[in-house]
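S.K.: First the structure, then my questions, so here it is.
The values are calculated or read from the model by the stated rules, or taken from the named source; none is laboratory data. Please read all numbers here as calculations on a predicted model, not as lab measurements. Cβ coordinates were reconstructed from backbone atoms using ideal geometry, including for glycine residues, and neighbour counts include every protein chain displayed. Surface accessibility is based on the protein's heavy atoms, side chains included, excluding ligands, DNA and RNA. Shrake-Rupley method; radii C 1.70, N 1.55, O 1.52, S 1.80 Å.
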Amino acid sequence: MTLSTVVGTTSGGPAKGTAGTKAGGRASRFFRRTLLLLLAAALVISIGTVVTGLETAPPPLSTTEQARLDAGQRLLAVAGDLRHLASVETNSNNDDGGSAPLLAAASMLEEQAGLFPLQTTWPSGAAAPDPESGDGPGIRGSDARGPTPTNPPSREAGAPTLDGTLQRLASTSRFLLSASLEVDPGLARLLASVGASAFSQAALLHAAYPDTAQPVPWKSDVVDPPTECGRPGPENQDSQSSVPGGELPAEAQAVAAVVVSEYKLAFLYQAALPRTTGAQREAAAENYAAHRDLMEHWEELAADACVELPLRAPAYALPEGFLDEPWQGLVDAEGEAALALGDLVALGDGALRAAAASDLPGAAERIATMTGEPPLTPGLDLRESGNAVSPSGTSETAGAASSAPALKDGPQ
């Protein structure tokens, strides 16, 4: 009797204590579990928001980056079409070397595309904006369509045609020149240079294939409002950028250099005309007339921009060896004048930059006609900038495929 009472009392007490302890433990575990779930949910939501934002809305390219990307794609696309046309010409029964100009142009376009090495990637691995959507953000509208993928020969719309490809080459030239007005100075000069070269290539190919349509040059519609000329006050002089050692702003010095280059070219052509004959004399007379017009045109632009020009000298020093090889001297002088235009593209703004970009294709075309080969980068000396590509470093096919008769082999 006593034993059962003791046992009952001993076994009953702990039973109540254990139930209370279990209930408290369950509540504690429930609280901790709920807190951990809430923290995990908050972490997942925050990470998910960041990842989704990177994948669905990558940051837009700047105008300069977009222009660089588009330039390389367009050049490679046209180069691919030219190579396709060259392969068709080579595989035809009448392989008479007609594919050489196409291969030369394709090689040069590929080399020029290598000057635009931008690779655009996003942190999340998302694709860049669709290049077919237009000419790129911030770039003035072009009559050319958006960039084409770099494998054009395998098109569903059909094989490229010669006339259509030359029109796309001219359209690429217009796009590059137009884009040069909207980007940073360094890229502006490169775009204008390659755009000018592309137009000279289109002109030479049209001369080689006269059944194709005449390439249409680019014309700028940028017009600066007229200004009243007057000497700036001290506060404006301090704010204007100028090159070391010069009193004029950099843009004004570049304009003056363009005008002086036209003065010198006109003088050199006058000196060379009596020393040339045949086709060279005809070309020299045509170029002399063109430079007379350009000289007056740039004098007017300088006056509109309130740039004081140096007086025109009655004579200019002839380059060394000019009297012995006047034609080569004229070619070199044309290259120097193109460099002056390139300087103004980089240092100028508004109508002055647009005017320089508009005149670069003409300079490139004159050089191409005189030498039989389009210049790689007219208005830009890559050797001075330390670039691995030099204007004379064209590919193996470039020298073998002049698309028009060269006028550099002596009097004719």
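S.K.: Going through the stretch 274-298 one residue at a time, which ones are of a type outside the set (Gly, Ala, Ser) and buried (at least 16 other Cβ atoms within 10 Å of the Cβ)? Walk me through how you get there before you give the answer.
M.R.: Taking the stretch 274-298 and keeping what is of a type outside the set (Gly, Ala, Ser), we get 274-277, 280-282, 286-288, 291-298.
Once the filter is applied, which keeps residues that are of a type outside the set (Gly, Ala, Ser) and buried (at least 16 other Cβ atoms within 10 Å of the Cβ), the stretch 274-298 yields Arg275, Thr276, Gln280, Arg281, Asn287, Tyr288, His291, Leu294, Met295, Trp298.
S.K.: Could you list, in sequence order, the residues of the stretch 342-374 that are outside any loop (DSSP other than H, G, I, E, B), touching a residue at least 60 places away in the same chain (Cβ under 8 Å) and either touching a Cys at 6+ places or on another chain (Cβ under 7 Å) or within 26 Å of Ala279 (Cβ to Cβ) (or both)?
M.R.: Of all residues in the stretch 342-374, those outside any loop (DSSP other than H, G, I, E, B) come to 342-347, 350-371.
Next, only the ones that are touching a residue at least 60 places away in the same chain (Cβ under 8 Å) stay: 342-347, 350-370.
Across the stretch 342-374, the qualifying residues are Asp359, Leu360, Pro361, Gly362, Ala363, Ala364, Glu365, Arg366, Ile367, Ala368, Thr369, Met370.
S.K.: Filter the stretch 178-188 down to residues that are assigned to a helix (DSSP H, G or I) and within 8 Å of the chain's Cα centre (by Cα) and give me whichever is farthest from Asp221 (Cα to Cα).
M.R.: Initially, the stretch 178-188 is screened for residues assigned to a helix (DSSP H, G or I), giving 178-179, 185-188.
Then keep just the ones that are within 8 Å of the chain's Cα centre (by Cα); that gives 179, 187-188.
Working: Ala179: 13, Leu187: 21, Ala188: 17 Å.
It comes out as Leu187.
S.K.: Looking at (1) over 30 Å from Cys229 (Cα atoms); (2) within 32 Å of the chain's Cα centre (by Cα); (3) open to solvent by 60 Å² or more (accessible area, probe 1.4 Å), can you tell me which one Trp327 breaks?
M.R.: Trp327 satisfies every listed condition except (3).
S.K.: Which residue out of Ala126, Ala104 is in contact with a helix residue (DSSP H, G or I) (Cβ under 6 Å, 6 or more places away or on another chain) and modelled with pLDDT of 75 or more? Outline the logic, then answer.
M.R.: Details: Ala126 fails: modelled with pLDDT of 75 or more.
Only one candidate passes the filter, namely Ala104.
S.K.: Something else about it: Please identify the pairs in which a residue from the stretch 203-217 that is assigned by the TED database to the domain that holds Arg168 and more than 17 Å from Glu373 (Cβ to Cβ) has its Cβ atom under 7 Å from the Cβ atom of a residue that is polar (S, T, N, Q) and in a helix (DSSP H, G or I), counting only partners at least 6 apart or on another chain.
M.R.: Pairs that qualify, where the first residue is assigned by the TED database to the domain that holds Arg168 and more than 17 Å from Glu373 (Cβ to Cβ) and the partner is polar (S, T, N, Q) and in a helix (DSSP H, G or I), are Ala213/Gln167.
S.K.: Residue by residue through the stretch 274-284, note down the ones that are closer than 15 Å to Glu334 by Cβ and without any contact (Cβ under 8 Å) to a residue 60 or more places away in the chain.
M.R.: Residues of the stretch 274-284 closer than 15 Å to Glu334 by Cβ: 276, 280, 283-284.
The answer is Ala284, and nothing else.
S.K.: While we're looking at this one, here's another question. Quick one: what pairs do we get from the stretch 323-339, first residue without any contact (Cβ under 8 Å) to a residue 40 or more places away in the chain, second crowded, with 17+ Cβ neighbours inside 10 Å, C-beta under 8 Å, 6+ apart or different chains?
M.R.: Listed by first residue and then by second, the contacts come to Asp332/Pro319.
S.K.: Among the residues in the stretch 276-288, are any under 17 Å from Met370 (Cα atoms) and outside any helix (DSSP H, G or I)?
M.R.: Within the stretch 276-288, the first condition is being under 17 Å from Met370 (Cα atoms), and the residues that meet it are 276-288.
Those still in the list that are outside any helix (DSSP H, G or I) too: 276-277.
Scanning the stretch 276-288, I find at least one residue that is under 17 Å from Met370 (Cα atoms) and outside any helix (DSSP H, G or I), so the answer is yes.
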